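Each value in this text was obtained by applying a stated rule to the coordinates, not by laboratory testing. Keep in mind that this is a model prediction, so the values were computed, not measured. Please note: Cβ atoms are built from the backbone with ideal geometry, for glycine as well, and neighbour counts cover all protein chains shown.
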Amino acid sequence: MSASSLPSSSLPSSTIGQQENENENEVYFNFINSLKSEVTKKIYDDNVKAFMKFCNVSDLVDLLKIDAQR
């Protein structure tokens, strides 16, 4: 039985966190690749990276955890 077919409650917390991170990366990948213009993709990606640096986060999923007042 693979880890993806197990209920999340039976997985170690590190595996659950890794799956959440992979899911967030897949969502971003799907979004960025849905854009038709290569220029738009580059601009959007550069701006997300700059915002992550500004917020001092290293993973996309961490952007969801930041406080709006920050």
Among residues of region 41-70 being loosely packed, with under 13 Cβ neighbours inside 10 Å and among the charged types (D, E, K, R), the residue farthest from Glu26 (Cα to Cα) is Arg70
Taking first residues from region 27-55 that are under 26 Å from Asp67 (Cα atoms) and second residues anywhere that are outside any helix (DSSP H, G or I), the pairs with Cβ under 6 Å that are 6 or more apart or on different chains are Cys55/Ile66
